[in-house]
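To keep things clear, I will list the structure first and then write my remarks on it.
The values are calculated or read from the model by the stated rules, or taken from the named source; none is laboratory data. Since the model is a prediction, treat every value here as computed from it, not as a measurement. Reconstructed Cβ throughout: ideal geometry from the backbone, glycine too, with neighbour counts over all protein chains shown.
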């Protein structure tokens, strides 16, 4: 085994969690797919959570239902979800886990 191969092996073993965190964070900020769509074959009711804030910046979650009629197309905006400042105050900054 060459010296550089040995160095690369130990470097990757020691820093594997940082490399993985950097990879995941890159995919969060720049996902490979920006939106995912799926048709809904039957009438569906989803229970969702809404987070509202009061003047003291306290969060109060509340449940509500969303009715989705049959043959609708549901689209999830992945970029919008991962860059929503309501849930992540520092959503465009690099985070370490």
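Counting only residues that are surrounded by 10 or more Cβ atoms within 10 Å (Cβ to Cβ) and free of Cβ contacts under 8 Å to residues at least 40 places away in the same chain, which one in the stretch 26-47 is farthest from residue 79 (Cα to Cα)? Please lay out each step first, then the result.
Keep residues of the stretch 26-47 that are surrounded by 10 or more Cβ atoms within 10 Å (Cβ to Cβ), which gives 26-31, 34-36, 38, 40, 43-44, 46.
If we keep only those that are free of Cβ contacts under 8 Å to residues at least 40 places away in the same chain as well, we get 26-27, 30, 38, 40, 43-44, 46.
Working: 26: 12, 27: 10, 30: 8, 38: 17, 40: 22, 43: 27, 44: 25, 46: 22 Å.
Filtering first and then ranking leaves 43.
The set of residues in the stretch 1-44 that are at pLDDT 80 or above and either assigned to a loop (DSSP other than H, G, I, E, B) or more than 23 Å from the chain's Cα centre (by Cα) (or both) comprises 30, 31, 32, 33, 34, 41, 42, 43, 44.
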